[in-house]
Amino acid sequence: KMTMTLIPETVDVMLRRRETAAALTAAGYPVSDKTLATKATRGNGPPYRTFGRTVLYRWGDALAWAEARLSPLRHRATDRAETVV
């Protein structure tokens with residue numbers, strides 16, 4: 001039986017919403033497919049396309065969206081977010 005890694009090897013892979021959520025979670029950005037669906041409705045999620053009725057995310061776009069949501073580096077819990085130069 002062939003096993004598929006959750007994190008795609010190339011940025012151009014197109015993934016369904018559930019696969020995108022699983023890959024983002026495996027990459028360290030925990031998100032559910034339901035959250036992605038809500039964000040798609042509200043317009044603040046990763047960009048996507050449709051193929052018929054199927055929603056597809058390009059892996060590189062989804063990963064860039066997740067990375068952009070990270071806070072700046074902090075050195076301790078009481079620090080305010082710092083801009084790293």
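The values are calculated or read from the model by the stated rules, or taken from the named source; none is laboratory data. It should be emphasised that the depicted structure is a prediction, and the values quoted were computed from it without experimental measurement. Glycine also receives a Cβ, built like all others from the backbone with ideal geometry; neighbour counts cover every protein chain displayed. We work out accessible area using only protein heavy atoms, side chains counted, and drop any ligands, DNA or RNA first. Shrake-Rupley method; radii C 1.70, N 1.55, O 1.52, S 1.80 Å.
Restricting region 5-58 to residues that are touching a Lys or Arg at 6+ places or on another chain (Cβ under 9 Å) and aromatic (Phe, Trp, Tyr), which is nearest to Arg69 (Cα to Cα)?
Across region 5-58, the extreme among qualifying residues is Tyr29.
For region 42-53, give me each residue that is of a type outside the set (Lys, Arg) and within 20 Å of Thr10 (Cβ to Cβ).
Pro46, Pro47, Tyr48, Phe51
Can you find a residue in region 24-41 that is under 12 Å from the mean Cα position of the chain (by Cα), under 23 Å from Glu9 (Cβ atoms), touching a residue at least 24 places away in the same chain (Cβ under 8 Å) and not in a loop (DSSP other than H, G, I, E, B)?
Within region 24-41, one or more residues are under 12 Å from the mean Cα position of the chain (by Cα), under 23 Å from Glu9 (Cβ atoms), touching a residue at least 24 places away in the same chain (Cβ under 8 Å) and not in a loop (DSSP other than H, G, I, E, B).
Any idea which residue in region 62-85 is farthest from Arg49 (Cα to Cα), counting only those that are modelled with pLDDT under 80 and open to solvent by less than 70 Å² (accessible area, probe 1.4 Å)?
Here the answer is Asp79.
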